[in-house]
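These notes concern the structure reproduced below.
The values are calculated or read from the model by the stated rules, or taken from the named source; none is laboratory data. In this text the structure is predicted, and so the values were computed from the model without any measurement. Here the Cβ positions follow ideal geometry from the backbone for every residue, glycine too, while neighbour counts run over all protein chains shown. Keep in mind that these areas ignore ligands, DNA and RNA; they rest on the heavy atoms of the full protein, side chains included. Shrake-Rupley method; radii C 1.70, N 1.55, O 1.52, S 1.80 Å.
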Amino acid sequence: MSARPISDGKAAERRLGWWLCAPAALVMLIVAGWPILYSVLLSFQRFDLRFPDDKAWIGFDNYQAVLSSEYWWNAFGVTTFIMIVSVAIELVLGMILAIIMHRTLVGRGLVRTVVLIPYGIVTVVAAYGWRYAWTPGTGWLANLLDESTAPLTERPSAIAIIILAEVWKTTPFMALLLLAGLTVVPEELLRAASIDGASKWQSFVRITLPLIRPAILVALLFRMLDAFRIYDNIYVLTNGGQDTSSVSILTYHNLIGGLNLGIGSTMSVLIFLTVALIAFIFIKVLGTSTPGSDK
Amino acid sequence: MTGAQIRWSILNLVVVVYALVPVLWLLSLSLKDPSTFTDGKFIPREWTFDNYKNIFDVGEFTRPLINSIGIAIIATLIAIVLGVFAAYAIARLDFPGKNVMLGASLLIAMFPQVSLVTPLFEIERRLGLFNTWAGLIFPYVTFALPLTIYILASFFKEIPWELEKAAKMDGASPFQAFRKVIVPLAAPGVVTAAILAFIQCWNDFLFAISLTSTDRARTAPAAISFFTGASQFEDPTGSIAAAAVVITIPIVLFVLFFQRRIVSGLTSGAVKG
Amino acid sequence: MAEIVLDKVTKRFRDGTEAVQEIDLTIADKEFLILVGPSGCGKSTTLNMIAGLEDISDGELRIDGDRVNERSPQDRNIAMVFQSYALYPHMTVRENMEFPLTIAKLDKATIKQKIDEAAEILELGPYLDRKPSDLSGGQRQRVAMGRAIVRKPKAFLMDEPLSNLDAKLRAQMRTSISRLQKSLGTTTVYVTHDQTEAMTLGDRIVVMRAGIVQQIGTPQDLYERPANLFVAGFIGSPTMNFLPGELVNSSIATAIGEIPISDRLRSGLSEHGPTGRDVIVGIRPEAFEDSRFVDDQTAFTFPHDIDIVESLGSAKLAYLDVDIDARAHEHFAEIAQESGAEDVFGSQQIVAQLDARSPVREGDSMEISFRPDDIQLFDPTDGTNLTEHD
C-alpha cells in the first residue's frame, strides 16, 4: 500500500469544513460580493432610470462628475466632521462609562442594563425623540432655548444635534468594547502601582491605558467605520437640509430621488474606498488586531 | 451607606438619567393628548392612549409591524443556522479557505450598507424581489452573518476539544458529536447571537426604505418615517411617538432579560481579538 | 478483547517532521501496556493514532488482524480516558456513562443494567444524578473510567488519566485501575510521563524519546537491563548515577576508583566491544550501601566525603560531590538536553541510597560499597548499553 499524503480523516475534515461554510459563504457572495462587483460596473456607465435607453460605457466620467461636485465634497466634509467629533466625544464618555460599569460598588447590574437601551433602541426611533425634543414649541429641550430659535433649521446647531444623537446612541457600544479591555487588566498590577506610590490617575494613564490600547483601537475602528456610514439620524433630523447631508444621504438621494444608478454607484464605490482606507490605516499603520466584529 | 457607595450611587444615577431620559421623553410624548403637544412639557398634562389606538385603528402601522417581526425573525433564524455551521467549521476544523471566510465576514461587517443599496435596488428590481419580504431578508441575513459567526465561533472555541474527541471515542459520528455534545454546550452562545442578530435586523432603516415601496414589505422603522397622521391635516407627532414606543418594547424586554448575554456577546469579539 | 499490532506506524507532519517513527509493537490480548517518555516524545500521538483521532501517515495498524488505519474512531470500538476526563458538562453522571450506549442504540433495560453494574464497580451509585461540576477530582476520574468500561470495548486507551489528581489519590487510583484492568481483562494502552506509574501498572513498558522507541520490556527488564543511557536515566527513582570511566586491563578507572570488571560485564564487553576505551558507568543509587552493613567479599568499597544527607525514613540518601572531567561533563550535558532531563545527567554528584540505620552525617567521610556486577556500562558515543544487548 502506498502512503497517502492526506488520509481519509483529514480529507473528510476539509470537506466538512467546506460544506459547513458553503451556505454562509454563498449568501455573502450573492448578496454582498456580486452587488459590489455590479456597482463597480455601474459606476463606469451612464445609467439613469429616467432615461433607460441612454445607457453607455463612459469610463471615469461619473467619477469626474462626482469628484468635481461641491455637493459631494460638502457631504464628505460633513461626514468626516461628524465622524471625528462624535467618535472623539464617545471615546471620552465611553471610557468614563466603562470605568463606572467596571468599578461601581452598587447597582452594577442596573448600570449595565440601562446602557443597553441606547445601544438596542432603533436608531430612527431615537432620532425622532431628539427631533421632537428640539422642535420649537413641542420640545422640552427647545423650550430651554430662546423662543425664536429653531436649532434644526440652522446648520451649526443641526450638526451639533446630529452629533448629540449619534453620541447618545453609540457611546454604550464604545463603553462595552472598552469594558472588555478593562476586565482583562490584572487587578494585581494596579495594586502594585498603588504600592509603588502611583495615584489613581497615574496608574490609569501609565498602566491601564497602555494595556487596553488594543481594545481602544478596535473600538475606534468599529465606531469610525460605523460613523462614516451615518444615515438614519440625519434622515430623520434634517434629511440633509441646511447642507447637512452625509455621503450616505447624498448617495441615497441620487438613487431613490434621482434614480441615477451610475452616479449613485460611483458614490457607493467612493464610500467603500474611503472606509477601506480607514480600515487599512487602523490595521496596518496603527496595528489594530482584526477581531470578531460586533456591529 | 459609606461615602464611596454614595458617590457611586450618584454616578450610577447620572448614567441612568443619560440612558433613559430620551426614551421617557418619547413615552411621555406618546401619552400626551394631541392638544397639548406644543406645550413643550416633559411630563404630560393630560394622559391618553389615543395615539396608540390611532396607529392600530388606521392600519398604517399594523402591517409594517407584522413585516418587521416576520422579516427580523426569519432573517435571524437563517443567519443563526448558517452561522452555527460556519462558526463550527471555523472554530473546530482545519481546512484551507478558513481565513478567507473570516476576512470576508469582517469586510462585510465593516461595509457601508449604502454601497450595496444601489446595486441591490437594481438587482432586486430585475429579479422581482423588490418590495418583498425576501428582498429584505437576504441583505439582513448577510449583515447579521458576520456578527453571528464571530460570536458563535468564540463560544465554540471555549468548548474543550477533548469533549468532542471523547464523543468520537464513545462511538458518535461527527454529526452526532456535534448535535449531542457541542450544540447543547453552545446554546447560550446561540441565544446571544440570535438576540444581537435580531436587534440588528430590527434596527435597520436604510435597506427598509430603499428596497420597499409599499406596506407589502415595508418595516416599522421605515413606515414611521412615512406617517402622515390619521388624516391629512393631522400632525403625525402622536402616531410617530406611539409607534416608536411600540417598536422599542422588544428591545427593552431583551435588555431586561438577557443583559448578561448581550454584554458578553458584544465584548467577546473585542477581547479575543 | 483484542490484540493490537502497530506495524511500522509513522506520524509525519506537513512540514516533514516525524512525531513518531516506524513503531513496531504487538500488544497482546489482555495486556496492560504503558507508553512512557518525556513530553514531546510521541507517546500521546501514538495513542491518538490507535484511537483514530489522528491519522497514520505510514505503516499499518491492525486490531485483531484487521487493518483499521482508515476506520474512524467510532468504528474501532475502543474506549478512551482523557487527561481532563472530558466529561460532558451538560449531562449528569448517569447520562455521561449512558452516552456511548445510547449512541450504540442499546435498549433501555440493558443500558440501565450496565450502568448499575459499572456504578457498583466504581462506587459511583450515590452520584449518578449529579453533574460533573459537583464532583471531586477523584469522582470525575471514576466517571471517566465508567464511561469507558460500560460498553465493553475491545481496548482501553488512557491518556495520563491520573495526572490531574493529588499524589495520595493518584496512588489509590493507580491500584484501582490496575485491579479493574485485571478483573475485566481488557487490553489497555496507558500513556504517562511518570515512571513510577509506568513501573507499577504495566505488564510491559514502551519507553519513547523523540518519536523513537528506545526499549520495550517488562518493568524489571527496563530496570535491570536498560538498553541505553536514556532508558537507564529515565527509569528508576532516584535516577541512576553516571560516571565517565576508562577501560584499563581488568578494571574501569573512574573518579571513585578502579572498579573491577565482573564476569558478566566482561562477556558483554567482549561481545559488543566499545569503540574506544572510554565508557560511561551507570550505578543505581540503590546499589550503594554503607560499608558497615556489607559483608560481601566481592564488594567494591571506596571512601568519600558526604555533602548532604536526606533521610527518607525507610532509607537515607547521601549526596557525594565527585570530580568529573570537563570533557565528559559536556557529553553528559548534551545527552541530558536531548532527553529533556538536564537536572539528572551532567550533575557532578552521586546519589547513594543507604540503610536507614547508617549513622552518616553531612560532612562525614565514610566508606561506601557496591557490587561491581551491579553496574551498567554504556558506549559514550551512542549511549547504548555495552553489556546488556539482547
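Using only alpha carbon positions, build the gyration tensor of segment A:1-153, then give the equivalent ellipsoid semi-axes as the square roots of 5 times its eigenvalues, largest first, whole angstrom.
Whole-Å semi-axes of the equivalent ellipsoid: 45, 36, 15.
Rounded to the nearest 10 Å², what accessible area does C:Lys112 have for a 1.4 Å probe in the complete protein model?
Accessible area of C:Lys112: about 110 Å².
Restricting attention to segment A:55-116, which trypsin sites (Lys or Arg not before Pro) occupy a DSSP loop and are surrounded by at most 16 other Cβ atoms within 10 Å?
A:Lys55
Among B:Leu93, B:Leu77, B:Leu196, determine the one that fluctuates most according to a GNM of chain B built with springs between C-alpha atoms less than 10 Å apart.
Largest GNM mean-square fluctuation: B:Leu93.
Any idea what the alpha-carbon Rg over 2.2 N^0.38 Å comes to for chain B?
1.22
For C:Thr17, what accessible area in Å² do you get when you roll a 1.4 Å probe over the heavy atoms of the protein chains, rounding to the nearest 10?
Result for C:Thr17: roughly 70 Å² accessible.
7 Å from Cα along Cα→Cβ at both B:Arg179 and B:Arg45: what's the point-to-point distance in nm?
Roughly 6.6 nm, to one decimal.
Report, in deg cm²/dmol and to the nearest 500, the calculated mean residue ellipticity at 222 nm for chain B, where each DSSP H run with n ≥ 4 adds -39500 (n - 2.57) and the sum is divided by the residue count.
-25000 deg cm²/dmol
Largest first, how would A:Asp53, A:Asp226, C:Asp166, C:Asp374 line up by accessible area (1.4 Å probe)?
Accessible-area ranking of A:Asp53, A:Asp226, C:Asp166, C:Asp374, largest first: A:Asp53, C:Asp166, C:Asp374, A:Asp226.
Report the accessible area of C:Thr26, computed with a 1.4 Å probe over the heavy atoms of all protein chains in place, in Å² rounded to the nearest 10.
Spelled out: C:Thr26, probe radius 1.4 Å, area about 70 Å².
Let me know the mean shielding of B:257-267 by other chains, meaning the per-residue number of their Cβ atoms within 10 Å of its Cβ.
Taking all residues of B:257-267 together, the mean is 5.
Might you report the magnitude of the Cβ-based charge dipole of segment A:205-295 about its Cα centre, with Lys and Arg at +1 and Asp and Glu at -1, to the nearest 20 debye?
With Lys and Arg at +1 and Asp and Glu at -1, about 400 debye.
Once the Cα atoms of helix C:93-103 and of chain C are each reduced to a long axis, what angle between those two axes, in degrees from 0 to 90 to the nearest 10, is obtained?
Between the helix axis and the principal axis of chain C, the angle is about 70 degrees.
Could you go through segment A:261-276 in sequence order and give the Karplus-derived ³J(HN,Hα) for each residue, using 6.51 cos²θ - 1.76 cosθ + 1.60 with θ = phi - 60°, rounded to whole Hz, and x for Gly and Pro?
5, x, 5, x, 5, 4, 4, 4, 5, 5, 5, 4, 4, 5, 4, 4
Quick one: helix C:167-184 against the long Cα principal axis of chain C, what's the angle to the nearest 10°, folded into 0 to 90?
Roughly 60 degrees between the two axes.
For the A and B pair, go ahead and give the buried accessible area with a 1.4 Å probe, both sides summed, in Å² to 100.
Roughly 8400 Å².
What ³J(HN,Hα) values, in whole Hz, does the Karplus curve 6.51 cos²θ - 1.76 cosθ + 1.60 give for segment C:248-260 when θ = phi - 60°, with x put for Gly and Pro?
Along segment C:248-260, the couplings run 10, 6, 9, 9, 10, 7, 9, 5, 9, x, 8, 8, x Hz.
Count, for each residue of B:152-160, the Cβ atoms from other chains sitting within 10 Å of its Cβ, then give me the mean as a whole number.
Taking the mean over all residues of the peptide, I get 1.
Taking each residue of B:9-21 in turn, how many C-beta atoms of other protein chains fall within 10 Å of its C-beta, and what is the average? Don't skip to the end; give the middle numbers.
Values: counts 4, 0, 9, 10, 3, 3, 13, 7, 1, 8, 13, 3, 4.
Averaged over the peptide's residues, the number is 6.
If packing is taken as the average number of other Cβ atoms within 10 Å across a peptide's residues, how do B:20-27, C:376-383 rank, most packed first?
C:376-383, B:20-27
Please report how far the C-alpha centroid of segment B:1-78 lies from that of segment C:258-324, rounded to the nearest whole angstrom.
89
Could you pull out every whole DSSP H run in chain B that spans at least 24 Å of Cα extent along its own axis and averages 1.6 or higher on the Kyte-Doolittle scale?
Helices passing the filter in chain B: B:3-31, B:62-92.
Which far-off residues, 5 or more places away or on another chain, put their amide H under 5 Å from the one on A:Thr288, with H placed in the peptide plane?
Under 5 Å from the amide H of A:Thr288: A:Ile283.
For A:Ile263, B:Ile73, write out the residues from largest to smallest accessible area, computed with a 1.4 angstrom probe and no ligands counted.
Output order, biggest surface exposure first: B:Ile73, A:Ile263.
Apply 1/(1 + (r/R0)^6) to the Cβ-Cβ distance of A:Ile58 and B:Val21, taking R0 = 41 Å, and write down the FRET efficiency to the nearest 0.05.
0.20
Carbon and sulfur together cover what percent of the accessible area of chain B at a 1.4 Å probe radius?
Using a 1.4 Å probe with all protein chains present, chain B comes out at 68 percent carbon and sulfur.
Listed highest first by mean packing, meaning other Cβ atoms within 10 Å per residue, what order do B:2-14, B:142-154 come in?
Working: B:2-14: 13.5, B:142-154: 27.7.
Answer by packing, highest mean first, reads B:142-154, B:2-14.
Using heavy-atom solvent-accessible surface (probe 1.4 Å) with all chains present, what is the largest-first order of C:Asp159, C:Asp221?
Largest accessible area first, the residues go C:Asp221, C:Asp159.
Take the Cα pairs of chain A, get the Kirkwood Rh, then feed it into Stokes-Einstein at 37 °C and 0.692 mPa s and tell me D in µm²/s.
So the translational diffusion coefficient is about 145 µm²/s.
Accessible area per residue for segment A:70-285 in Å², computed with a 1.4 Å probe and the full protein assembly in place, what is it? Walk me through the intermediate numbers first.
Values: 8350 Å² over 216 residues.
That works out to 39 Å² per residue.
As an exercise, identify the trypsin sites (Lys or Arg not before Pro) in segment C:1-74 lying in DSSP coil whose Cβ has no more than 15 other Cβ atoms within 10 Å.
Of the trypsin sites (Lys or Arg not before Pro), the ones in loops of segment C:1-74 whose Cβ has at most 15 other Cβ atoms within 10 Å are C:Arg14.
What are the ³J(HN,Hα) couplings of segment C:192-199, residue after residue, when phi is run through the Karplus curve with 6.51, -1.76, 1.60 and θ = phi - 60°? Round to Hz, x for glycine and proline.
With coefficients 6.51, -1.76 and 1.60, one gets 8, 9, 9, 5, 5, 4, 4, 5 Hz.
So who's got an amide H within less than 5 Å of the one on C:Leu354, skipping anything under 5 residues away but keeping other chains? H placed 1.01 Å off N, in plane.
Under 5 Å from the amide H of C:Leu354 lie the amide H atoms of C:Lys316, C:Leu317, C:Ala318, each far enough along the sequence or on another chain.
How big is the gap, in Å, between the Cα center of segment C:1-60 and the Cα center of segment A:203-229?
The two parts, judged by their Cα centres, are 49 Å apart.
Which value, in debye to the nearest 20, gives the size of the charge dipole of the protein assembly as shown about its Cα centre, when Lys and Arg are +1 and Asp and Glu are -1 at the Cβ? Intermediate values should be presented prior to the final figure.
Details: 82 positive and 100 negative charges, 885 e Å.
Value, rounded to 20: 4260 debye.
Under 5 Å between amide H atoms, partner at least 5 residues away or on a different chain: which partners does C:Met80 have, H built in plane at 1.01 Å?
C:Leu157
Considering Cα pairs under 8 angstrom that are at least six residues apart, work out the relative contact order of chain C and quote it in whole percent.
Worked out over chain C, it gives 16 percent.
Give the relative contact order (percent, whole number) for segment B:122-273; include only Cα pairs under 8 Å separated by 6+ residues. Could you put the intermediate results ahead of the total?
On the way: 108 pairs, mean separation 45.3, N = 152.
Once normalised by length, the contact order is 30 percent.
For a bin width of 10 Å, list the pair-distance distribution of segment B:1-48 built from all Cα-Cα distances, rounded to whole %.
26, 32, 21, 16, 5
Mind pulling the angle between the C-alpha long axis of helix C:108-122 and the longest principal axis of chain C? Nearest 10 degrees, somewhere in 0 to 90.
30
Please give every one of the lysines within straight-line cross-link reach of B:Lys98, meaning a C-alpha to C-alpha distance under 17 Å, and leave out same-chain neighbours fewer than 8 residues apart.
The qualifying lysines are A:Lys10, B:Lys157.
Go through A:Val124, B:Phe85, A:Leu37 and say which Cα lies farthest out towards the positive end of the charge dipole of the protein assembly as shown; charges sit on Cβ, +1 for Lys and Arg, -1 for Asp and Glu.
A:Val124
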